[in-house]
Amino acid sequence: MYNLSESLCKYKPEVRSNEATLDFFQGLVERKLVLQYCPHCKKYSLTSNRFCPYCLSEVVWKEVSGDGTIYTWTTNYQNSHPAFTAEIPYVIGTIQLKENVLFIARILNLKSDDLKINMPVKVNFWEMGNTYPIPFFEPFN
């Protein structure tokens, strides 16, 4: 298991938003996971477009529960940035959210050997200090 520490977090690259992603990142500041939702076809999407990728109707931003199950995962052994050196290896997972959308994020507070397909997890937020909080998933307590 990896313990997040402030000394490591302060050296992470800054996460930046733009006009198309601002609502997502504002949700993170409020410790909410918000995704694009189509009121017409009732589907969520992870695009940063104004229109639904399924039916082309205009989308809105909507908070999701943050509850889901592990769909799949991989363990990363590559160092993509010096700030991540102490964390390697770390787990990146695809989470099937309760709202039937797949979301990719880090999985923390679980050993890689303990992960299972369909294991229940919930979102939490990694406060990085100099940037937006980052969503990650962990097991239910």
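Just in the range 59-141: which trypsin sites (Lys or Arg not before Pro) are loop by DSSP and have at most 16 other Cβ atoms within 10 Å?
Lys98, Lys111, Lys116
In terms of modelled amide H atoms, which long-range or inter-chain residues lie less than 5 Å from the amide H of Trp126?
Ile134, Phe136
Report the rotationally averaged projected area of the range 16-63 based on its alpha-carbon convex hull, in square nanometres.
Mean projected area of the Cα convex hull: 3.0 nm².
Mind pulling up the Rg/Rh value for the range 65-141? Radius of gyration and Kirkwood radius, both on Cα.
Over the Cα atoms of the range 65-141, Rg/Rh equals 0.97.
To the nearest 500 deg cm²/dmol, what mean residue ellipticity at 222 nm is calculated for the chain from DSSP H runs of n ≥ 4 alone, each contributing -39,500 (n - 2.57), summed and divided by the residues?
Result for the chain: -2000 deg cm²/dmol, rounded to the nearest 500.
HN-Hα J couplings of the range 120-125 from phi, Karplus 6.51/-1.76/1.60, θ = phi - 60°, integer Hz, Gly and Pro as x?
So the J values, rounded to whole Hz, are x, 9, 9, 6, 9, 10.
When the Cα centres of the range 26-52 and the range 66-112 are compared, how far apart do they sit, in Å?
20
What does the convex hull of the Cα atoms come to per residue for the chain, in Å³?
With only Cα atoms used, the chain gives 116 Å³ per residue.
None of the figures in this text is laboratory data; all of them are computed from the coordinates on show. Keep in mind the model is a prediction, meaning the values are calculated, not measured. Positions of Cβ are generated from backbone atoms using ideal geometry, with glycine treated the same way; all protein chains shown enter the neighbour counts.
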